[in-house]
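**Student:** I have a structure I would like to understand better, so I am pasting it below and will then ask my questions one at a time.
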Amino acid sequence: MRMARHSAVDEDEDEDHGIDLAPMLDFVLNLLIFFIITAIFVKEVGLTLSSPPPNNQAKQNNDDSSTMYIAVHANGDISIDQRLIDKAAVRANVERFHGEKPEGPVIVVANTKSPSGTVVGVMDQVRLGGVMNVSVAPTDSGGTR
């Protein structure tokens with residue numbers, strides 16, 4: 001069996017039957033540009049959390065006497081040091097604490113079933129009292145810790 005040789009006429013016919021990939025490449029590049037541009041405008045909303053340092057010096061510097069705990073119970077009651085107080089009295093207690101310990105943090109221990117408006121109101125009162133180092137610790141129990 002002999003192989004037929006291709007002539008110049010046959011080569012021109014083969015080139016006409018190929019698939020032109022240029023439009024597909026243009027389409028892919030347009031999609032790539034679209035996704036790059038839209039990815040820039042996506043903004044994730046969330047809270048930034050920082051964990052305490054792993055060494056024991058943090059525990060020695062922040063002992064319980066230099067931290068104020070405010071408990072928000074499931075029924076909306078607020079207590080400091082096992083005393084029930086009104087939301088308006090939170091600011092006065094925080095100002096007194098801030099006067100004694102200016103660097104002391106305040107931790108709001110909120111029950112997971114407590115009204116969120118009460119928790120936010122307590123946090124606002126703490127900030128109005130001069131303490132900007134406010135943390136929230138959720139709990140399922142009604143106690144302070």
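**Student:** Yes or no: the range 110-120 includes at least one residue that is within 13 Å of Met68 (Cα to Cα) and buried (at least 17 other Cβ atoms within 10 Å of the Cβ).
**Tutor:** Start the filter on the range 110-120 by keeping residues that are within 13 Å of Met68 (Cα to Cα), which leaves none.
No, the range 110-120 contains no residue that is within 13 Å of Met68 (Cα to Cα) and buried (at least 17 other Cβ atoms within 10 Å of the Cβ).
**Student:** Out of (1) touching a residue at least 12 places away in the same chain (Cβ under 8 Å); (2) under 21 Å from the mean Cα position of the chain (by Cα), what's the single condition that is false for Met132?
**Tutor:** With (1) touching a residue at least 12 places away in the same chain (Cβ under 8 Å); (2) under 21 Å from the mean Cα position of the chain (by Cα) applied to Met132, the lone miss is (1).
**Student:** Test of understanding: among Gly104, Gly99, which residue is part of a loop (DSSP other than H, G, I, E, B) and without any contact (Cβ under 8 Å) to a residue 40 or more places away in the chain? It would help to see each step written out before you state the result.
**Tutor:** On the way: Gly99 fails: part of a loop (DSSP other than H, G, I, E, B).
Being part of a loop (DSSP other than H, G, I, E, B) and without any contact (Cβ under 8 Å) to a residue 40 or more places away in the chain holds for just one of Gly104, Gly99, which is Gly104.
**Student:** Moving to a separate point now. For the range 82-126, which residues satisfy the criterion of being within 23 Å of the chain's Cα centre (by Cα) and not hydrophobic (A, V, I, L, M, F, W, C)? Show your work before the answer.
**Tutor:** If we filter the range 82-126 for residues that are within 23 Å of the chain's Cα centre (by Cα), which is where we start, we get 105-126.
If the condition is that a residue be within 23 Å of the chain's Cα centre (by Cα) and not hydrophobic (A, V, I, L, M, F, W, C), then Pro105, Asn111, Thr112, Lys113, Ser114, Pro115, Ser116, Gly117, Thr118, Gly121, Asp124, Gln125 are the ones that fit.
**Student:** Could you count how many residues in the range 84-100 are exposed (fewer than 11 other Cβ atoms within 10 Å of the Cβ) and closer than 17 Å to Val119 by Cα?
**Tutor:** Going through the range 84-100, the residues exposed (fewer than 11 other Cβ atoms within 10 Å of the Cβ) turn out to be 86, 88, 99-100.
So of that shortlist, the ones also closer than 17 Å to Val119 by Cα come out as 86, 88.
The total comes to 2.
**Student:** Only one of (1) touching a strand residue (DSSP E or B) at 6+ places or on another chain (Cβ under 8 Å); (2) in contact (Cβ under 8 Å) with a residue 24 or more places away in the chain; (3) in a helix (DSSP H, G or I) is not met by Pro138, so which one is it?
**Tutor:** (3)
**Student:** Also, quick follow-up: Can you pull out every residue in the range 85-112 that is charged (D, E, K, R) and either touching a helix residue (DSSP H, G or I) at 6+ places or on another chain (Cβ under 6 Å) or at pLDDT 90 or above (or both)? First the steps, then the outcome.
**Tutor:** At the first step, the residues of the range 85-112 found to be charged (D, E, K, R) are 86-87, 91, 95-96, 100-101, 103.
Listed by number, the residues that qualify are Lys87, Arg91, Glu95, Arg96, Lys101.
**Student:** Can you confirm whether Val120 is among the β-branched types (Val, Ile, Thr), under 17 Å from Leu84 (Cα atoms) and outside any loop (DSSP other than H, G, I, E, B)?
**Tutor:** Values: among the β-branched types (Val, Ile, Thr): yes; under 17 Å from Leu84 (Cα atoms): no; outside any loop (DSSP other than H, G, I, E, B): yes.
No; evaluated as a whole, the condition is false for this residue.
The values are calculated or read from the model by the stated rules, or taken from the named source; none is laboratory data. Quantities reported herein were computed from a predicted structural model and do not represent experimental measurements. All Cβ positions, even for glycine, are placed from backbone atoms using ideal geometry, and neighbour counts span all protein chains on display.
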